[in-house]
Amino acid sequence: QVQVAESGGGLVQAGGSLRLSCVFSGQNFSSSVMGWFRQAPGKEREFVAAIRWSALTTVYADSVKDRFTISRDNTKNSVHLQMDNLRPGDTAVYYCGAGAIDLSRRPNSYGYWGQGTQVTVSS
């Protein structure tokens, strides 16, 4: 049974930084794509970033490019999201996902999810 421990959310002022982390256990995801998505109230879950198993290829949503950085540690079955220069529009529940085959921006490409962590950015 796969278990996911997600952490790092919180309240921050605009321009601040947060680092989100997800650790997966129960299955080895070192060969699959991992990603981050977010969901604001009343909106659909949207793609944020994804990273290949080799960590050599990443993709970002245009809205977070040059502000967010995704990384992974295959030895720890973990994925991270460093978020800098945060804006109020980044406020959402953030979810990590794993199990995708390619760098997909579609939530249904990911078979395993974290429980979500709230990120709130005040102006």
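The values are calculated or read from the model by the stated rules, or taken from the named source; none is laboratory data. Bear in mind that the values here come from a model prediction, so they are computed numbers and not experimental data. For neighbour counting, all protein chains shown are included, and Cβ atoms are generated from backbone atoms with ideal geometry for every residue, glycine included. Only protein heavy atoms, including side chains, enter the accessible area calculation; ligands, DNA and RNA are left aside. Shrake-Rupley method; radii C 1.70, N 1.55, O 1.52, S 1.80 Å.
Residue by residue through the range 38-43, which ³J(HN,Hα) values in whole Hz follow from phi under the Karplus form 6.51 cos²θ - 1.76 cosθ + 1.60 (θ = phi - 60°), with glycine and proline marked x?
Once θ is set to phi - 60°, the couplings for the range 38-43 become 9, 9, 8, x, x, 10 Hz.
DSSP loop GluC sites (Glu not before Pro) in the range 1-93 with at most 15 other Cβ atoms within 10 Å of their Cβ, which ones?
On the way: sites: Glu6, Glu44, Glu46; in loops: Glu44.
Hits after loop and neighbour filter: Glu44.
Just how large is the dipole of the chain about the Cα centre, in debye to the nearest 20, putting +1 at every Lys and Arg Cβ and -1 at every Asp and Glu Cβ? Could you put the intermediate results ahead of the total?
On the way: 12 positive and 9 negative charges, 10 e Å.
About 40 debye.
Do you know the relative contact order of the chain, to the nearest whole percent, from alpha carbon pairs under 8 angstrom that are 6+ apart?
Working: 309 pairs, mean separation 42.5, N = 123.
Averaging sequence separation for qualifying contacts and normalising by length gives 35 percent for the chain.
Specify the residue with the greatest mean-square fluctuation among Ser71, Ser31, Ser21, computed from a Gaussian network of the chain linking alpha-carbon atoms under 10 Å apart.
Sorting by GNM fluctuation, first place goes to Ser31.
Given springs between every Cα pair under 10 Å in a Gaussian network model of the chain, which of Arg19, Arg38, Arg72 has the largest fluctuation?
Per the Cα network of the chain with a 10 Å cutoff, Arg19 tops the list.
Using a/c under 1.5 as the rounded threshold, could you call the range 30-102 rounded, prolate or oblate? The axes a ≥ b ≥ c are square roots of the C-alpha gyration tensor eigenvalues, and prolate needs a/b larger than b/c, oblate otherwise. Display every interim value, and only then the final one.
Numbers: a/c = 2.09, a/b = 1.62, b/c = 1.29.
Taking the square roots of the gyration eigenvalues as a ≥ b ≥ c, the range 30-102 is prolate.
Which shape class applies to the range 1-49: rounded if a/c is under 1.5, otherwise prolate when a/b exceeds b/c and oblate if not, where a ≥ b ≥ c are the square roots of the Cα gyration tensor eigenvalues?
Working: a/c = 2.20, a/b = 1.63, b/c = 1.35.
Prolate, since a/c reaches 1.5 and a/b exceeds b/c.
Find how many whole Å separate the alpha carbon centroid of the range 1-59 from the alpha carbon centroid of the range 66-123.
2
Ignoring any ligand, DNA or RNA, what whole percent of the accessible area of the range 41-123 comes from carbon and sulfur when the probe is 1.4 angstrom? Spell out each step's value before the answer.
Values: 2150 of 4410 Å².
Exposed carbon and sulfur together represent 49 percent of the surface.
Can you tell me the accessible area per residue over the chain, all protein chains present, probe 1.4 angstrom, in square angstrom? Show your work: numbers first, answer last.
Details: 6300 Å² over 123 residues.
I get 51 Å² per residue for the chain.
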